[in-house]
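A short write-up of the structure that comes next.
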Amino acid sequence: MAAVEREFEFRKEDFRFIASLVHAKTGIVLADHKEDMVYARIARRLRSLRLNSFRAYCALLESNVEGEEISHFVNAVTTNLTSFYRESHHFAHLRDEVLKPLAANPPPDRRVRLWSAACSSGAEPYSMALCCLEAFPDIERWDLKILATDIDTGMLAKSRAGRYTSDEAEPIPEALRKRYTSN
């Protein structure tokens, strides 16, 4: 089988360095079969920085492992699969097995804290918020906060903006979409 012709030289040691750095910075394990994905995503950074090799990019990262490029690097290698009510059974469980029983027997402080780790563009924490609106008819009497975090700073900016297209909002159940969105 012939080797794939690539724009940039991408050695096994470059991939190993990148995979090791990804793991150190994010906890994500990049298996060998992710090599092509890593190449495609990082090649964009090489072009943007006008570098001519992965070796040069690895040297840049190694020389400044806490610098601004690390944010670009992490953003480039993370996968941002997200949608409203993705894995809908999780949201049904949150609403029916956690929030509704809590609403039926509220704690004295009516305090609820939820965390959406790896929130990507924010569809999941907004889905959690809709579950809360469904579960708590007197929501204004609750001390409710949802923490949404992600390692991709670009996705966090989209999440903070809270703006979604009609297509992105399509998975929201119709009654909730009509009641709580402008779509």
Quick one: which residues, 5+ away or cross-chain, put their amide H under 5 Å from the amide H of A148? H built at 1.01 Å from N. S116
Whose amide H sits under 5 Å from the amide H of Y85, counting only residues 5 or more places off or on another chain, with H placed in the peptide plane? S127
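Given that compact globular proteins tend to follow 2.2 N^0.38 Å, what is the ratio of the alpha-carbon Rg of the stretch 52-155 to that value?
Details: Rg = 19.2 Å, N = 104, 2.2 N^0.38 = 12.8 Å.
Computed over Cα atoms of the stretch 52-155, the ratio equals 1.49.
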As an exercise, identify the trypsin sites (Lys or Arg not before Pro) in the stretch 76-116 lying in DSSP coil whose Cβ has no more than 14 other Cβ atoms within 10 Å. R86
Residues whose placed amide H lies under 5 Å from that of V112, excluding near-sequence neighbours: D143, L144, K145
Going down the list K100/K178; K34/K145; K34/K100; K25/K178; K25/K100, which pairs span over 31 Å between their C-alpha atoms? K34/K145; K34/K100; K25/K178; K25/K100
Using only Cα positions of the chain, each an equal point scatterer, no hydration layer, compute I(q)/I(0) via Debye at q = 0.08, 0.15, 0.16 Å⁻¹ and quote the log10 values to two decimals. -0.38, -0.91, -0.97
Whole-Hz Karplus couplings 3J(HN,Hα) for the stretch 51-59, θ = phi - 60° and coefficients 6.51, -1.76, 1.60, Gly and Pro as x, run 8, 10, 7, 5, 4, 5, 5, 4, 5
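No lab work stands behind these numbers, since they all come straight from the coordinates. Source: prediction; values computed, not measured. As a convention, Cβ positions derive from the backbone with ideal geometry for all residues, glycine included, and neighbour counts pool all protein chains shown.
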